[in-house]
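S.K.: Structure incoming, see below.
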Amino acid sequence: MIIGAGDGASLFLNNIHESAYYSGANPICLIDDDSSKKGLRINNVKVMGTRQDIIRLAKDLNITIYIRLI
């Protein structure tokens, strides 16, 4: 789960596979405070909700790692 669906998220997703630190990472969803972004895809990763949805989505999608982008 990546928290933040702006330019930083796009840049991060463009480069995630080149990073040794995030090797093998598989971004499942994006979260953003701007509810109008819900349903959009950034680099083929869907914006699935806002901060209010984090706990529910983490449980539903069995997410164990969170990355916060500002």
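S.K.: In the stretch 1-54, which residues are open to solvent by 30 Å² or more (accessible area, probe 1.4 Å), closer than 15 Å to R68 by Cβ, outside any loop (DSSP other than H, G, I, E, B) and hydrophobic (A, V, I, L, M, F, W, C)?
M.R.: Correct list: I3, L11, F12, I54.
S.K.: How do the pairs read when you match residues in the stretch 48-63 that are free of Cβ contacts under 8 Å to residues at least 60 places away in the same chain with residues anywhere that are of a type in the set (D, E) and surrounded by 14 or more Cβ atoms within 10 Å (Cβ to Cβ), using Cβ under 9 Å and keeping only pairs 6 or more apart or on different chains?
M.R.: Matching pairs, first to second residue: G49/D32; T50/D32; R51/D32.
S.K.: OK, next. Can you name the number of the only condition in (1) without any contact (Cβ under 8 Å) to a residue 60 or more places away in the chain; (2) more than 11 Å from the chain's Cα centre (by Cα) that N44 fails?
M.R.: Only one criterion is unmet by N44, namely (2).
S.K.: Give me the pairs, please: first residue somewhere in the stretch 13-36 and under 25 Å from G49 (Cβ atoms) and modelled with pLDDT of 90 or more, second residue anywhere and acidic (D, E) and open to solvent by less than 90 Å² (accessible area, probe 1.4 Å), beta-carbon distance under 9 Å, and either six or more positions apart or on two chains.
M.R.: I31/D53
The values are calculated or read from the model by the stated rules, or taken from the named source; none is laboratory data. This one's a predicted model, so the numbers in the text were calculated from it and none came from an experiment. Positions of Cβ are generated from backbone atoms using ideal geometry, with glycine treated the same way; all protein chains shown enter the neighbour counts. Quick note on the areas: whole protein, heavy atoms, side chains included, nothing else; ligands and nucleic acids left out. Shrake-Rupley method; radii C 1.70, N 1.55, O 1.52, S 1.80 Å.
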